[in-house]
1. Distance in nm between label sites at E248 and E351, each 7 Å beyond Cα in the beta-carbon direction?
2. Near K246, which aspartates and glutamates are there with a Cα under 13 Å away, not counting those fewer than 8 places off in the same chain?
3. Kirkwood hydrodynamic radius for region 278-351: how many Å is it when counted over pairs of different Cα atoms?
4. Sort T411, T108 by accessible area with a 1.4 Å probe, largest first.
5. Find how much the distance from E208 to R62 grows on full extension, using 0.36 nm per residue of separation minus their present alpha carbon separation; answer in nm with one decimal.
6. Ignoring ligands, DNA and RNA, how do M239, M231, M347 rank by accessible area with a 1.4 Å probe, largest first?
7. Need the C-alpha centroid separation for region 131-158 versus region 314-356, integer Å.
Amino acid sequence: MAASARARRRALPRRSDPGRSDRSAQSSSGIWQGEEGSIAYAFPTYEGSGPKTDVPQAELPRIHAVNRAAIAEDRQVSSRYDAASQIILVAACPLPGPIPNLTGWTMTRVLTFAGRSYQQLMAGLGVLLATVLAAAVLLTQLTVTWSRHVSQIETALKAHDIAELPRLPTTGERELDRIVTALNEAGQRLSDARQQADQLASQIATGERLAAIGGVAAGVAHEIRNPIAAMRLKAENAMAGAAERKSEALSFILGQIERLDALLRRLLSVTEHDQPRRECVGLDAFLDACIASHAELAAAKQIKLERASDGGDARFDSDQMRRALDNLVLNAIHAAPAGSLIRVAAMGEAEGLTLSVHDGGAGPPANIRDHLFEPFVTGRPDGTGLGLSIVREVAAAHGGTARFAASEAGTTFEIIVPWQPS
């Protein structure tokens, strides 16, 4: 029986399929007899030059196992074996006939990463990868180029003042050059606007200087014209009168000359910006001396002068500060109602040293309060308008400010300078 089985063992003819040379599945089959093994075998999809007659040795144990199971169970049996790159399907079924333990089997090998579709997929992925790499290279080159140009623009802008933007050169990058052109145009407009603003500021400054000179000239002319007119009238009357009238006129003329001299001294105080000669000054003694010099004039108007101080010493130019404080006290005496109180104070506060003069008067007219500290601004018919401008100049020379405050309780003028203790 074994010899007859071996005699019948032969290779089944191979069917050629030239139109399917690229396959993702390979099939083979054969006839199996018990323990004898393979007695017939065919491999139709074999790509070799001749027919393949030997059973694949790598899959022989699986083929044997499936055929043995089919004989034992007398039914069709199939098995599946999964590998990394392929799937193997083996099936066997009993064959009826005079030859015992005869089975037919087939094996299909499915290559999961093979075939035209797989190759097309891989080709598409390769093209996609190449496209991504090319885009990455192009983007990197573009980024590096733009970064270099932007750094050059940044360096050029940092090297110039914002008011004078430089003329930036083009980069050769169309989109970036649009930004460069916009910056150049903006810089040109800014330069033109700055030149126009400078011209306008120069014209305004010239106009303000002329207006200031005109105001000063008008004030000086007004202040000088009145004494001169009065002296002329006195002199004309004296020439037509007796000797006594001449003596009286001479005394009056001398008084007017003193008034003019005082006016000129006050003008010089406004225009001369002497640096303060700071010295240690006792605040209580400084205020007492200022009050004493005005006590007689205040008493004539039944006004009481009072000192308020937290004591201690401070450093400032006593002559300049005394001149400023005298002006404030004189203004307060003229403005305060009879029988009222004027408080002259010196206090150390968070802002600095504050020298203040408070009176119970209504304060200057509302229409001049915004210009109180300018020369020749006054609310009194007999005033020169120079006292408060002197106060402002003294405060500024000490690095401070002068200010005015009005309330229902009266009027307060303050000189605030940085605190410099002795």
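1. Taking the simple label geometry, E248 and E351 are separated by 5.1 nm.
2. Partners within reach: E236.
3. Details: mean 1/r = 0.0778 Å⁻¹.
Kirkwood hydrodynamic radius for region 278-351: 12.9 Å.
4. Numbers: T411 0, T108 35 Å².
Greatest to least solvent exposure: T108, T411.
5. Roughly 41.3 nm would be gained on extension.
6. So, going from the largest accessible area down, we get M239, M347, M231.
7. Using only Cα atoms, the two centres lie 69 Å from each other.
The values are calculated or read from the model by the stated rules, or taken from the named source; none is laboratory data. Because the structure is predicted, anything quoted here is derived from the model rather than measured. Cβ: placed from backbone, ideal geometry, glycine included. Neighbour counts: every protein chain shown. In case anyone asks, the SASA skips ligands and DNA or RNA and just uses the protein heavy atoms, side chains included. Shrake-Rupley method; radii C 1.70, N 1.55, O 1.52, S 1.80 Å.
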